[in-house]
1. With outside any helix (DSSP H, G or I), near the ligand (Cβ under 10 Å from one of its atoms), modelled with pLDDT of 95 or more and in contact with an Asp or Glu (Cβ under 6 Å, 6 or more places away or on another chain) as the only criterion, which of 112, 104 stands out?
2. Filter segment 46-73 down to the residues that are touching a strand residue (DSSP E or B) at 6+ places or on another chain (Cβ under 6 Å) and more than 12 Å from the ligand (Cβ to nearest atom) and list them by number.
3. I need the full set of residues from segment 67-93 which are more than 17 Å from residue 170 (Cβ to Cβ) and part of a helix (DSSP H, G or I), in order please.
4. For segment 10-45, which residues satisfy the criterion of being modelled with pLDDT of 95 or more, open to solvent by 40 Å² or more (accessible area, probe 1.4 Å) and more than 16 Å from the ligand (Cβ to nearest atom)?
5. Against the definition (of a type outside the set (A, V, I, L, M) and open to solvent by less than 30 Å² (accessible area, probe 1.4 Å)), how does residue 209 come out, yes or no?
6. If you take the residues of segment 115-131 that are open to solvent by 50 Å² or more (accessible area, probe 1.4 Å) and within 10 Å of the ligand (Cβ to nearest atom), which of them is farthest from residue 79 (Cα to Cα)?
7. Only residues that are touching a residue at least 24 places away in the same chain (Cβ under 8 Å) and surrounded by 15 or more Cβ atoms within 10 Å (Cβ to Cβ): list them for segment 178-196, please.
Amino acid sequence: MDYKRLREAMVKTQLVPRGIRDPRVLKAMAEVPRHLFVESSRQQLAYEDMALPTADGQTISQPYMVAVMTELLELSGTEKVLEIGTGSGYQAAILAELSRAVYTIERYDDLTEQAAGRFRDLTYTTIFLKTGDGTLGWPEEAPFDRIMVTAGAPDPPQPLIDQLAPGGILVIPVGDRNFQQLLRIRKNSDGLTRELHTPCMFVPLIGRFGWDAG
Ligand code: SAM
């Protein structure tokens, strides 16, 4: 399978026509080997226009959604980033290509371990991960210049807003348990600004400042 060609086709047919413009985001999407973040039986589907299952009934997001959320973060390369919902680790790898350091939290230990193995194999040295309730953020490492939540929340968790640096950006899907819209929050000197973006469907953010597990 010529994965490099499939990646380039993914960028050309799924991302550019839908309005992804940031050249750094397009480059990262064309370079990170997404097929190494999915189960081996699904590698041939890795560059298709869809989300795919991971362990524990969770998902690796559709490439377009990864690109949209990444573009909304406006990364220049110097930022310290927090991601909630490591899942396969693919989004964290994209973020690592575009920032100074990535801290990522996953609530399932086996997903954290699998992602850690992938980061080791692919020699990512600027991604730090842990298992836990990401709705609490990572206070010991705060503040963060950027925060991305890759699971659907009823509202932005207050600890994440608190851990956002001045001038920082938080991107999070908000809505009900099945259907959400991307929300971008900027922390300015005079308060928070909020903009709604693309409609989306994420698995629920489960935790103290998210949904109940039930
Ligand atoms: N970013 C992932 C990737 O690139 O594969 C996709 C994430 S998947 C759509 C959402 C993930 O969020 C799931 O793995 C789920 O277990 C995790 N999750 C849900 N609630 C969480 C929480 N409170 N803290 C950390 N992770 C959480």
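1. Just a single option satisfies the conditions, and that option is 104.
2. 68, 72, 73 - these are the residues of segment 46-73 that are touching a strand residue (DSSP E or B) at 6+ places or on another chain (Cβ under 6 Å) and more than 12 Å from the ligand (Cβ to nearest atom).
3. The answer is 67, 90, 93.
4. Correct list: 12, 13, 16, 17, 18, 21, 23, 24, 27.
5. no
6. 131
7. Scanning segment 178-196 gives 180, 182, 183, 184, 185, 187.
Residues are listed down the side, and each one gets a yes or a no for (1) among the basic types (Lys, Arg); (2) closer than 25 Å to residue 50 by Cβ; (3) surrounded by fewer than 21 Cβ atoms within 10 Å (Cβ to Cβ); (4) in contact with a Gly (Cβ under 7 Å, 6 or more places away or on another chain):
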| position | (1), (2), (3), (4) |
| --- | --- |
| 88 | no, yes, no, no |
| 97 | no, yes, yes, no |
| 108 | no, yes, yes, no |
| 133 | no, no, yes, yes |
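The values are calculated or read from the model by the stated rules, or taken from the named source; none is laboratory data. This structure is a prediction, so every number in the text was calculated from the model and none was measured. Note that we place each Cβ from the backbone using ideal geometry, even for glycine, and neighbour counts take in every protein chain shown. Areas reflect the complete protein model, heavy atoms only, side chains present, ligands, DNA and RNA absent. Shrake-Rupley method; radii C 1.70, N 1.55, O 1.52, S 1.80 Å.
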